[in-house]
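What follows is a single structure, written as structure tokens, with notes after it.
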There are 2 protein chains.
Amino acid sequence: MNILQGQIQFINELEKLKTVKRRNLTLDNKRPENSAEHSWHLAMMVPVLAPYSKTPIDQLKVIKMLLVHDLGEIYDGDSWLYEQSDQKEIQQKELTAFKRLIGSLPANQQSELLDLFMEFEVQETEEAKFAKVIDAIQPLLNHLQVSDENENPDGIAASKVWEKKAFVRDYAPDLWLMVEETINESIRKGLYQE
Amino acid sequence: MNILQGQIQFINELEKLKTVKRRNLTLDNKRPENSAEHSWHLAMMVPVLAPYSKTPIDQLKVIKMLLVHDLGEIYDGDSWLYEQSDQKEIQQKELTAFKRLIGSLPANQQSELLDLFMEFEVQETEEAKFAKVIDAIQPLLNHLQVSDENENPDGIAASKVWEKKAFVRDYAPDLWLMVEETINESIRKGLYQE
């Protein structure tokens, strides 16, 4: 297999992320959102919300990070934010899947993608933190927009939502008021149990 | 409406691209691919295939161009590559839709996105040309990968495919052999009528 063939194999493998279902729904008959379209949505939010980052950020890095951040789900599916589960174990499984996925790429491209994936995971840089903020906001907005009143089949508790999204206050203070309003409106709509 | 509210309105409006169906199919029960996940796939291809561009390209620009390039379909749907139709009219309609979509953003962000959208449309820069190459390759790869043997419900003619994809030879000569092989393999698989 030559270099380009390995790259095409990777590109073909990416098809599978379109089959990874999330708990969020879409506007067309409320089918489950998949991780590929979710990742597109996040990437689109970067140029729009970048002015609210604490420090100037490298948009290319944030966008690439968001494009690849869910690729660890490609063989085993998404793990849900509100699920009780061993986070360390999930992270390890997703890292293994990610490495398997990128295995057909040339070494320099494997490094680039793995670095982006790990930068998002370890959450030390401003880019990684802002990417995490974006990844936390989109499902909130989607949920409020797409769900019917009092639709809470999984019995999500409002307290859990506040707990999971609280980091936005530190990571992107200029976006916190909006997040607060979104959560409060969702509670009023009956999407989270008080 | 303050600036951030206008930006959130835009982000919510983006949900609709997930409902725009394309002719290409996906691996999960062969549902139609939507333009949001398609755009994600294209953006992912940029760091992988950038080494094959004729001149060094601005990856951020190419990625952003591909993220927004289908947003003109958001209110009226996708127009199919092999359809007989008035291209000028479609372009005008998509531009109108795009402007309507971005209308809730602050002026500087409207300009940025409109410039990216138009740069892709007018096809003068190396970034726009490379973005067009990526946009031409992904459906070919997807089609060969996902379709069953002899599946050609729309009776696509091989000659049409060669005609529509021929520009890749000039725009990205280093990718042409791969494109040729992909089309020939698709013909052998019965996906295009000879």
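Before moving on, here are some points about what is shown:
- Selection within segment A:163-189 - hydrophobic (A, V, I, L, M, F, W, C), under 25 Å from A:S53 (Cα atoms) and surrounded by 14 or more Cβ atoms within 10 Å (Cβ to Cβ): A:F167, A:V168, A:A172, A:L175, A:W176, A:M178, A:V179, A:I183
- From B:E119, B:E127, residue being within 14 Å of chain A (Cβ to nearest Cβ) and either under 16 Å from B:E194 (Cα atoms) or surrounded by 15 or more Cβ atoms within 10 Å (Cβ to Cβ) (or both): B:E127
- Close pairs from segment A:46-60: first among the β-branched types (V, I, T), partner surrounded by fewer than 18 Cβ atoms within 10 Å (Cβ to Cβ) and in a helix (DSSP H, G or I), Cβ under 8 Å, at least 6 apart: A:T55/A:E126; A:I57/A:A50; A:I57/A:E126
- Scan of segment B:164-194 for residues that are without any contact (Cβ under 8 Å) to a residue 60 or more places away in the chain and within 17 Å of the chain's Cα centre (by Cα), ordered by number: B:K165, B:A166, B:F167, B:V168, B:V179
- Taking residues in segment B:65-90 that are more than 18 Å from B:F120 (Cβ to Cβ) and surrounded by 15 or more Cβ atoms within 10 Å (Cβ to Cβ), and partners anywhere that are of a type in the set (V, I, T) and at pLDDT below 85, not one pair has Cβ atoms closer than 6 Å while being at least 6 places apart or on different chains.
- Criterion (at pLDDT 95 or above and either among the β-branched types (V, I, T) or in contact with a Ser or Thr (Cβ under 7 Å, 6 or more places away or on another chain) (or both)) met by exactly one of B:F130, B:F117: B:F130
- Filtered residues of segment B:6-51 (kept if of a type in the set (S, T, N, Q), more than 8 Å from chain A (Cβ to nearest Cβ) and either over 30 Å from B:E151 (Cα atoms) or buried (at least 17 other Cβ atoms within 10 Å of the Cβ) (or both)): B:Q9, B:N24, B:S35
- Filtered residue count, segment B:91-105, keeping only those that are within 14 Å of chain A (Cβ to nearest Cβ) and crowded, with 17+ Cβ neighbours inside 10 Å: 5
The values are calculated or read from the model by the stated rules, or taken from the named source; none is laboratory data. Predicted, not measured: the structure shown is a model, and the values here were computed from it. Backbone-built Cβ (ideal geometry, glycine too); neighbour counts: all protein chains shown.
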